[in-house]
1. Can you pull out every residue in the range 158-198 that is open to solvent by 50 Å² or more (accessible area, probe 1.4 Å), closer than 22 Å to Ala117 by Cβ and more than 17 Å from the chain's Cα centre (by Cα)?
2. Would you confirm whether or not the range 22-32 contains a residue that is touching a residue at least 12 places away in the same chain (Cβ under 8 Å) and either among the acidic types (Asp, Glu) or over 30 Å from Pro191 (Cβ atoms) (or both)?
3. Just one of Gly31, Gly100 is under 24 Å from Gly199 (Cα atoms) and surrounded by fewer than 20 Cβ atoms within 10 Å (Cβ to Cβ); which is it?
4. For the range 112-133, give me the residue count where each residue is open to solvent by less than 70 Å² (accessible area, probe 1.4 Å) and within 17 Å of Ser70 (Cα to Cα).
5. Would you confirm, using the coordinates I've provided, whether Ala180 is assigned to a loop (DSSP other than H, G, I, E, B) and either closer than 22 Å to Gly75 by Cα or modelled with pLDDT of 95 or more (or both)?
6. Consider only pairs whose beta carbons are under 8 Å apart and that are at least six residues apart or on different chains; among these, list those whose first residue lies in the range 52-66 and is free of Cβ contacts under 8 Å to residues at least 60 places away in the same chain and open to solvent by 30 Å² or more (accessible area, probe 1.4 Å) and whose second residue is among the aliphatic types (A, V, I, L, M) and part of a loop (DSSP other than H, G, I, E, B).
Amino acid sequence: MPLIIRPERPEDHYQTEHMTQKAFWNLHNPGCSEHYLVHKLRDDPAYLPELSRVAELDRRIVGAILYSRSQVVDGETTHELLTFGPLCVEPSLQRTGIGGTLMQVTFELARTAGWKAIIIFGEPSYYPKFGFVTCDHFGITTADGKNFDAFMALELVPGGLAGVHGKFHEAAVFENLPDAEVDEYSKRFPPLEKLRLPGQWGYELIPESTSEK
């Protein structure tokens with residue numbers, strides 16, 4: 001069956017969250033919180049379901065991209081822009097083009113809706129191939145005034161970020177993911193082992209791993 005890119009339906013919620021959990025598990029930290037973020041984001045005022053999409057293959061949810069409103073604030077001037085996240089793909093199907101297809105389809109939806117630019121936190125080795133460049137090219141910093149390789153922007157139209165400078169703010173829901181809430185919500189899904197692995201943020205050579213089920 002062909003890959004289908006479509007809006008998410010309520011009956012997809014569990015599959016989408018479970019797929020998201022598997023995609024991010026132990027990737028950046030022991031465990032992950034992205035599946036709980038998906039759950040909370042759907043009810044957040046910043047969420048944009050009209051742009052968000054899931055990928056379906058053989059009647060399974062195998063990918064998802066969720067969009068929300070964000071802002072760049074420069075003194076008394078506020079520019080409303082897009083962000084997306086999570087963008088994820090079923091682990092067994094990663095590097096098959098599903099993530100790129102989700103982006104290409106939704107970038108066109110965003111352009112048609114009149115959006116001019118997207119700002120994300122993402123993998124520096126992946127997103128530049130889709131046109132993203134670091135935000136220092138535009139005079140945009142994080143909320144605490146920083147720039148780094150994973151902080152990137154894409155102009156959906158030529159000059160989409162012309163005259164846009166200041167500090168980037170995503171929806172508060174991205175920061176409101178307490179560990180206790182994440183662990184409790186994770187009980188809805190089959191248990192996975194939390195591991196401390198090379199390549200995670202803040203990884204140190206510690207012999208033991210952390211495991212919770």
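The values are calculated or read from the model by the stated rules, or taken from the named source; none is laboratory data. Since we're looking at a predicted model, the values are computed, not measured. So basically every Cβ, Gly included, is an ideal-geometry build from the backbone, and we count neighbours across all protein chains shown. Surface areas here come from the heavy atoms of the whole protein model, side chains and all, with no ligands, DNA or RNA. Shrake-Rupley method; radii C 1.70, N 1.55, O 1.52, S 1.80 Å.
1. Pro158, Ala162, Gly163, His165, Lys167
2. Checked against the condition, which is being touching a residue at least 12 places away in the same chain (Cβ under 8 Å) and either among the acidic types (Asp, Glu) or over 30 Å from Pro191 (Cβ atoms) (or both), the range 22-32 yields no hits at all.
3. Being under 24 Å from Gly199 (Cα atoms) and surrounded by fewer than 20 Cβ atoms within 10 Å (Cβ to Cβ) holds for just one of Gly31, Gly100, which is Gly100.
4. So the answer is 9.
5. For Ala180, the condition - assigned to a loop (DSSP other than H, G, I, E, B) and either closer than 22 Å to Gly75 by Cα or modelled with pLDDT of 95 or more (or both) - is not met.
6. Final answer for the pair search is Leu57/Met1; Leu57/Leu3; Asp58/Met1; Arg59/Met1.
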